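Asker: This is the structure I want to talk about, given as structure tokens.
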Amino acid sequence: MPLGGDNSKGFKELNKIPKDNNKYKYIGALIVVIHGIILGGFMGKKLAQFLELFDLYAPDISDDD
């Protein structure tokens, strides 16, 4: 408690705070997630091609049929 009394004039009660009704926040989050997945897949593919090019890692191709 601050000296000189209660100094809570700057605080609002929780029920008086208006709710954020932004309809675009879910669309923005979805766009970010989709682009992140696409970018991660592209980078993974390019890294696998790089490793295979320099024979650092080459997956075994075997058919177990």
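Asker: Is there a residue being in a loop (DSSP other than H, G, I, E, B) and modelled with pLDDT under 80 anywhere in segment 41-57?
Answerer: no
Asker: Ok, one more. Hey, does segment 3-15 have a residue that's part of a helix (DSSP H, G or I), modelled with pLDDT under 75 and either surrounded by 10 or more Cβ atoms within 10 Å (Cβ to Cβ) or out of contact with any Leu (no Cβ under 6 Å at 6 or more places or on another chain) (or both)? Steps first, please.
Answerer: Taking segment 3-15 and keeping what is part of a helix (DSSP H, G or I), we get 14-15.
Now restrict to residues that are modelled with pLDDT under 75: 14-15.
Now narrow it down to the ones that are either surrounded by 10 or more Cβ atoms within 10 Å (Cβ to Cβ) or out of contact with any Leu (no Cβ under 6 Å at 6 or more places or on another chain) (or both): 14-15.
Yes, the conditions are met somewhere in segment 3-15.
The values are calculated or read from the model by the stated rules, or taken from the named source; none is laboratory data. Predicted model, so just to flag it, every value in this text is computed and none were measured. Here the Cβ is made from the backbone with ideal geometry for all residues, glycine too, and neighbour counts use every protein chain on show.
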